[in-house]
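First comes the structure, then the notes that go with it.
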Amino acid sequence: MLEVERADGVYIYDREGKAYMDLIAGIGVSAVGHGHPKVIAAIKNQLGKYLHTMVYGEHIQSPQVRLAKKLTDQLPSRLNSVYFVNSGSEAVEGAMKLAKRYTGRYELVACRNAYHGSTQGANSLMSDQTFTRGYQPLLPGVKFMTFNNQEDIAVITEKTAGVIVETVQGEAGVILPDEGYLRQLRQQCDETGALLIFDEIQAGFGRTGHLFAFEKYGIVPDILLLAKGMGGGMPIGAFIANRKVMDVLSHNPVLGHITTFGGHPVSCAAGIAALEVINDKRLLRQVVEKEALFHHLLHHEKVKEIRSAGLMMAVDLDDEKMVQDFCQKTHEMGLLTDWFLFNETSFRIAPPLTITTDEIKKASKIILKALDDL
Ligand code: PMP
């Protein structure tokens, strides 16, 4: 266990001053690295003005307005209304409620081995009951399909309120959508009137080398979910939809979703700074170059496969024990890697996007040495 003293860039330091290179970025949170100077400056600036003043939406707060504007400026015109929340799970809850209200239906379709969060609504979307057995009954009307399985798409029907998928599956061990799969989902949703929800809580904010992962596939969802990297290390999330869809939360009954701290002004100020750092063509291009460098360097007989979407990477080893031993070993060697919830044979590489090529070379050397020693 690591007791954190401070963190800077790609390093976390413990109480004894030992440096750990962070290859997981708090599971995709610290996309701009720890303590990015622009994020810290934005936080300090907002601290001098105001913190929380009122439940979200009651007052006009410029950090919220500016962040929403910056986000919608980057998004397809259909995604023009942002609802800020506190976390990824709350964004998922918001989207589930919105899909139900807008369609008047209650069935939801999710993918097997997806992770959408740990609140009871989000837990209902989890196919693996290992984590949810203790909390039954959860929400009724959830149907599962296997990601990339074309036949399963038929579970989306005129009864479906929303279909929630990770644009790139994270906890399943970085599974990319097959060519045409997201288009088929879009088509089925259009034909049945279900809302298509992309969970980019892990894959968004530059992680895949695009500001939003769906850009690569040219398919626009009805609701987009963001969190994690969005706040530059501060807690924030959002569900984003068309104004016409979002409006149903405001009437009959009113207050369709209430959140006290959602869109906290300090988190939004940090989010604006983080977005400015990430939404830079050079940085996004470098994400893909850094992905290629990892692929180039991580040749080892124990590496079976590397799956990746930008700097969202899974490295396949032989078995679960090997992965656990590997994570333990790299930890001792001052490098933080991690395993996946639904893929026991892979370890995770998801560093700050700002990691340098020298740091990647150094990290890769440690990884290869740890694999040698297994
Ligand atoms: N969706 C995805 C794809 C995630 O990876 C996560 C967090 N790992 C969540 C939702 C839930 O986010 P949070 O932990 O902020 O509630």
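Other residues whose C-beta falls under 14 angstrom from the C-beta of THR357 contribute a net charge of +2, scoring Lys and Arg +1 and Asp and Glu -1. Amide H to amide H, with H built 1.01 Å from N, VAL29 comes under 5 Å of no residue 5 or more places away or on another chain. A run of the chain free of exposed loop cleavage sites, with trypsin sites (Lys or Arg not before Pro) counted only in DSSP states other than H, G, I, E and B and at most 16 other beta carbons within 10 Å, reaches its longest extent at 160-301. As a test, work out the antiparallel percent of DSSP beta bridges whose residues both lie in the chain, rounded to the nearest 5. So the antiparallel bridges in the chain amount to around 60 percent.
For the range 63-116, applying the loop criterion from DSSP together with a ceiling of 16 other beta carbons within 10 Å to the chymotrypsin sites (Phe, Trp or Tyr not before Pro) yields TYR106.
Think of each Lys and Arg Cβ as +1 and each Asp and Glu Cβ as -1; about the Cα centre, that makes the dipole of the range 25-106 roughly 180 debye.
A 19 angstrom limit on the alpha carbon distance is what I want to check against. Which of LYS97/LYS143; LYS290/LYS365; LYS143/LYS244; LYS216/LYS362; LYS228/LYS362; LYS228/LYS369 exceed it? Walk me through the numbers on the way to the answer.
On the way: LYS97/LYS143 16 Å; LYS290/LYS365 15 Å; LYS143/LYS244 27 Å; LYS216/LYS362 30 Å; LYS228/LYS362 26 Å; LYS228/LYS369 31 Å.
Beyond 19 Å between Cα atoms: LYS143/LYS244; LYS216/LYS362; LYS228/LYS362; LYS228/LYS369.
Over all other residues within a Cβ to Cβ distance under 9 Å of TRP339, the charged ones net out to -2, with Lys and Arg as +1 and Asp and Glu as -1.
Taking the Cα centre of the range 1-149 as origin and assigning +1 to Lys and Arg Cβ atoms and -1 to Asp and Glu Cβ atoms, the resulting dipole is close to 620 debye. Taking the chain as a Gaussian network, where each spring joins two C-alpha atoms under 10 Å apart, which residue of VAL254, VAL165, VAL65 fluctuates the most? It is VAL254. For the chain, a simple Cβ point-charge model (Lys and Arg +1, Asp and Glu -1, everything else neutral) yields a dipole of about 1220 debye relative to the Cα centre.
Among the GluC sites (Glu not before Pro) in the range 1-75, those placed in a DSSP loop whose Cβ has at most 14 other Cβ atoms within 10 Å are GLU3, GLU16, GLU58. 3J(HN,Hα) along the range 123-139: 5, 5, 8, 9, 6, 7, 7, 3, 8, 10, 3, x, 10, 6, x, 9, 5 Hz, from the Karplus curve 6.51 cos²θ - 1.76 cosθ + 1.60 with θ = phi - 60°, whole Hz, x for Gly and Pro.
Principal axis extents of the Cα atoms in the chain, from largest to smallest and rounded to whole angstrom, are 61, 54, 41.
What does the extension gain come out to for LEU368 and PHE131, with contour length at 0.36 nm per residue minus their alpha carbon separation?
Value of the extension gain: 82.0 nm.
Under 5 Å between amide H atoms, partner at least 5 residues away or on a different chain: which partners does VAL142 have, H built in plane at 1.01 Å? Amide H to amide H, under 5 Å and 5 or more residues apart or across chains, VAL142 pairs with LEU108. In the range 136-230, the ratio of gyration radius to Kirkwood radius, Rg to Rh, stands at 0.96 when only Cα atoms are counted.
So what's the net charge close to LEU225: Lys and Arg +1, Asp and Glu -1, counting the other residues with Cβ under 13 Å from its Cβ?
-4
Each value in this text was obtained by applying a stated rule to the coordinates, not by laboratory testing. These numbers come from a predicted model, not from an experiment. Methodologically, a virtual Cβ is constructed for each residue, glycine included, from the backbone with ideal geometry; neighbour enumeration extends over all protein chains shown.
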